[in-house]
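The values are calculated or read from the model by the stated rules, or taken from the named source; none is laboratory data. Computed from a prediction, not measured in an experiment: that's the story for all the values here. In this analysis, Cβ positions are derived from the backbone assuming ideal geometry, glycine residues included, and neighbour counts consider all displayed protein chains.
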Amino acid sequence: MRNHSAYLLAGLLAAQGVAAGQLYGSAEMQDRDAMLLGRRVQAVREAIQNPESPRALEAIIDLGHDQRYYVMVRGWLAYQLQGDMSIVDASRGQAPEHVSTRIRFLNRAIRALDLE
């Protein structure tokens, strides 16, 4: 899954650069916007990896409530949840606690994005 996150980040940054190029004339502004987006995506990645972090849900909501990235964040969470559920199924209910914790967190995060 780690490689998928890297490809996702690269795609987002490229897309953001294209969109920014249409709105802004300055390469400096494009770079700044791409860096800010990259930090937000990185915060979501860290939230998924560390769901017990105090700001984990906030990081996901921050990027997910931006209508430009809602579908991407929602899909990312659903994809991770599907993978974790597969781990639970394969382990016949004996999944590691961190997987169970992440499943609970992902369900909360998805609900938070969908309800607001």
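Summary of computed values
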{"item": "Hits in segment 44-67 - residues which are assigned to a helix (DSSP H, G or I), over 13 Å from Leu77 (Cα atoms) and in contact (Cβ under 8 Å) with a residue 12 or more places away in the chain", "result": "Asp62"}
{"item": "Flag for Arg111 being among the basic types (Lys, Arg) and either surrounded by 16 or more Cβ atoms within 10 Å (Cβ to Cβ) or touching a Cys at 6+ places or on another chain (Cβ under 6 Å) (or both)", "result": "no"}
{"item": "Total residues in segment 90-116, condition over 13 Å from Ala56 (Cβ atoms) and either in contact (Cβ under 8 Å) with a residue 40 or more places away in the chain or assigned to a loop (DSSP other than H, G, I, E, B) (or both)", "result": "9"}
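Residues checked against (1) touching a Pro at 6+ places or on another chain (Cβ under 6 Å); (2) surrounded by fewer than 15 Cβ atoms within 10 Å (Cβ to Cβ); (3) at pLDDT below 60:
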position	(1), (2), (3)
Met1	no, yes, yes
Leu12	no, no, yes
Gln22	no, yes, yes
Ala34	no, no, no
Ala56	no, no, no
Val71	no, yes, no
Asp84	no, no, no
Ala95	no, no, no
